[in-house]
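The values are calculated or read from the model by the stated rules, or taken from the named source; none is laboratory data. Fair warning: this is a prediction, and the values are worked out from it, not measured in the lab. Here the Cβ positions follow ideal geometry from the backbone for every residue, glycine too, while neighbour counts run over all protein chains shown. Please note that ligands, DNA and RNA were not included when accessible areas were found on the heavy atoms of the full protein model with its side chains. Shrake-Rupley method; radii C 1.70, N 1.55, O 1.52, S 1.80 Å.
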Amino acid sequence: MSYAFQAEGLVKKFGRTTALAGIDLAARPGTVLAVLGPNGAGKTTAVRILATLLRPDEGVARVGGFDVVRDAARVRRLIGLTGQYASVDEDLTGRENLLLIGRLLDLRKATAVARTQDLLEQFGLTEAGDRKVSTYSGGMRRRLDLAASMIGRPGVIYLDEPTTGLDPGKREDVWRMIRSMTDGGGAVLLTSQYLEEADALADEISVIDHGRVIAHGTPASLKKLVGGQVIALQPADPSRLDEATRILASATGRRPEQGNRGSVSVPVTDRDADSAFGQVVRELGAAGISATEIALRLPSLDEVFFALTGAPAAQRQEAPNAREEVS
């Protein structure tokens, strides 16, 4: 099978900290691989190895068939990278940033000019294109950084939490750009804290924790790991959330997860879904607990994340950062 990029048995240590403990990642052309995991799980370390910015201690990684260590220069010609933080030059205008990168990628001047204008339009930066980046908002800088990673039309692009700081409308714009890239045969590695983003974009998902891949599959197949469906409940009286949680636990035999805005949910198998849901409704009625929302639905990726790692993505604590050095 031909992969756009592939990593096998990657190990990376920083002193006594093991950032990667032998992970495998791969994506075919024309697909999006989402890599999910709590902070400190090793996502960014894996991206930096695939982008030739770090050398693995063990294992091998290839992009377009080229080894990221032995053929680093060739790999860099094939990839685009958007890191967690914008890396554009604040002393240049948005247009000058894109033109500079285009010329560094050996685009002809006319091609770089046309491509720059196209990306400024696509990312909603046309009016700001001739302003210095130092005057941009955080969201505008993020959009410019994303545009910069795409100017060379790379065959493989790494997006490390690309929509952080963007409002929902601009996030949708970025999603459309990602989809358009895969339509043309490109491959995308996406890390994200927005699990709905992975659900919307990914063909396959790898969940990593403590430097290891703990689950891999399509969004649909991963959702089956936590049961066929989910009972979701939001009591009308927030003070009765604990009672509602105990009713859910009693009816399903599983530990519910408390979500945002006074909600709670619990996975159930398809076989037990109807009977468990009926029991919950009856017991809520007997206890006099009314609900603003009660539903039987398919699980979300956030619930998959909770089942695999033991806590919702939003509640994971930041792990101590290992010092990473560019090789």
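Observations
- Of all the residues in region 133-167, those that are in contact with an Asp or Glu (Cβ under 8 Å, 6 or more places away or on another chain), modelled with pLDDT under 90 and among the small types (Gly, Ala, Ser) number 1.
- Residues of region 262-286 classified as of a type outside the set (S, T, N, Q), farther than 11 Å from Leu233 by Cα and either surrounded by fewer than 13 Cβ atoms within 10 Å (Cβ to Cβ) or without any contact (Cβ under 8 Å) to a residue 24 or more places away in the chain (or both), total: 8
- Extreme residue, most open to solvent (accessible area, probe 1.4 Å), among residues of region 86-107 that are in contact (Cβ under 8 Å) with a residue 24 or more places away in the chain and over 18 Å from Arg131 (Cα atoms): Leu105
- Answer from Ala215, Ala220, Ala187 - the residue that is buried (at least 23 other Cβ atoms within 10 Å of the Cβ) and not acidic (Asp, Glu): Ala187
- Taking the criterion of being charged (D, E, K, R) and either farther than 17 Å from Ser192 by Cβ or in a strand (DSSP E or B) (or both), the residues of region 47-75 that qualify are Arg55, Asp57, Glu58, Arg62, Asp67, Arg70, Asp71, Arg74.
- Within the set Ser206, Ser239, the sole residue that is among the polar types (S, T, N, Q), crowded, with 21+ Cβ neighbours inside 10 Å and modelled with pLDDT of 90 or more turns out to be Ser206.
- Within region 58-67, the set of residues being of a type in the set (Gly, Ala, Ser) and either over 23 Å from Gly211 (Cβ atoms) or buried (at least 19 other Cβ atoms within 10 Å of the Cβ) (or both) comprises Ala61, Gly64, Gly65.
- Cβ-Cβ distances below 8 Å connect the following pairs, each with a first residue in region 50-79 that is without any contact (Cβ under 8 Å) to a residue 60 or more places away in the chain, a second residue that is surrounded by 16 or more Cβ atoms within 10 Å (Cβ to Cβ) and among the polar types (S, T, N, Q), and a separation of six or more residues or different chains: Ala61/Gln6; Arg62/Gln6; Val68/Thr52; Val69/Thr52; Ala72/Thr52; Val75/Thr52; Arg76/Thr52.
- Only one entry in Arg70, Arg55, Arg48, Arg74 is open to solvent by 40 Å² or more (accessible area, probe 1.4 Å) and touching a Phe, Trp or Tyr at 6+ places or on another chain (Cβ under 7 Å), namely Arg74.
- In summary, Arg16 fulfils each of the numbered conditions (1) modelled with pLDDT under 95; (2) closer than 25 Å to Ala147 by Cα; (3) open to solvent by 30 Å² or more (accessible area, probe 1.4 Å) with the single exception of condition (2).
- Residues in region 129-167 that are of a type in the set (D, E, K, R), outside any loop (DSSP other than H, G, I, E, B) and touching a residue at least 60 places away in the same chain (Cβ under 8 Å) were compared, and the one that is nearest to Ala34 (Cα to Cα) is Asp160.
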